[in-house]
Amino acid sequence: MSTLLTVQDVHASYGRSQALHGVNLTLNEGEVLTLLGRNGMGKSTLLKCIMGLLPVRRGSIGFSGKATQKLAAFEVARLGIGYVPEGRQIFPTLNVEENLLATAANRHGVSPAFDLQRIYAFFPRLHERRSNMGNQLSGGEQQMLAIGRALMTNPRLLILDEATEGLAPLVRAEIWRVLGELRATGLAMIIVDKNLKPLLQLANQHVVLEKGHVVWSGSSQALQDNRLLVEQYLGV
Ligand SMILES: Nc1ncnc2c1ncn2[C@@H]1O[C@H](COP(=O)(O)OP(=O)(O)OP(=O)(O)O)[C@@H](O)[C@H]1O
Ligand SMILES: [Mg+2]
């Protein structure tokens, strides 16, 4: 299996406050990785570094064999990384369909490609709401739209920060269903979420962050077997 993403010794700061202290991880094609850790431990910061939204002070990031740590965010996205940020950031004055079409591309010849039809098949709710404006959607619909919009770029890696945060149980179940189906298509993903149970089912590999350091990484089975780790670093 070939390597898709490598994060090597990545350091990052906000002003003088250092948030990442030498993070390493590797993701292979088709794999699903979770970033775990309590609030403020550096999960979103690492995702921002991968996406070119925050400078990497030291270390390197490679995607599909290309060094990306000096690239601008739009260049990273064009290499084939779809990003669903915390807060979703959908376009409020565009309707659902316009939101989906706004970023549509297939630069790397992903096949079968994600198009409107396929996104609506994953999320029938978006089809029902296709003429509604972004700012008329519920939180769950916004999250489905944010995922749909990221998929419309036909990424080779999908990154989700707080995949189901603040959503009702039924909507969460819907999101987990779709992520499971995406995984089955061979799409690589990095997922941050507070719900360990669905993540244990979905992911191959888990990386636990504590104050900007990787303190543990391993398989779902190894994580499940390690109650102490779960209590100490995840507080659940
Ligand atoms: N824009 C910012 N300016 C200054 N400090 C920040 C900023 N964003 C995050 N930080 C700090 O960086 C550290 C890591 O934050 P980060 O957002 O990466 O945590 P997180 O693991 O994603 O937490 P959460 O689970 O709450 O989303 C925290 O100490 C946080 O206060
Ligand atoms: Mg975060």
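Rule-based calculations on the coordinates, nothing more; no lab input. Everything quoted here is computed from the prediction, not taken from an experiment. Here the Cβ is made from the backbone with ideal geometry for all residues, glycine too, and neighbour counts use every protein chain on show.
Counting every C-alpha pair in segment 99-181, the share spaced more than 21 angstrom apart comes to 24%.
Computed about its Cα centre, the charge dipole of the chain is approximately 420 debye, with only Lys, Arg, Asp and Glu carrying charge at their Cβ.
Annotation: amide H-H contacts under 5 Å for Leu4 (H modelled 1.01 Å from N, sequence separation of 5 or more, or interchain): Leu27, Asn28, Glu29. Plainly put, the chain has a radius of gyration that is 0.95 times its Kirkwood radius, both from alpha-carbon atoms, as the Rg/Rh ratio.
Put simply, the Cα atoms of segment 42-126 extend 43, 29, 19 Å along their principal axes, the longest span coming first. Note on Leu228 and Ser64: with the Förster distance fixed at 41 Å, the Cβ-Cβ geometry gives a FRET efficiency of about 0.65. Dividing the summed helix terms, -39500 (n - 2.57) for each DSSP H run of n ≥ 4, by the number of residues in the chain produces a 222 nm estimate of -9000 deg cm²/dmol to the nearest 500.
Distance between the C-alpha centres of segment 1-74 and segment 128-195: 21 Å, rounded to the whole angstrom.
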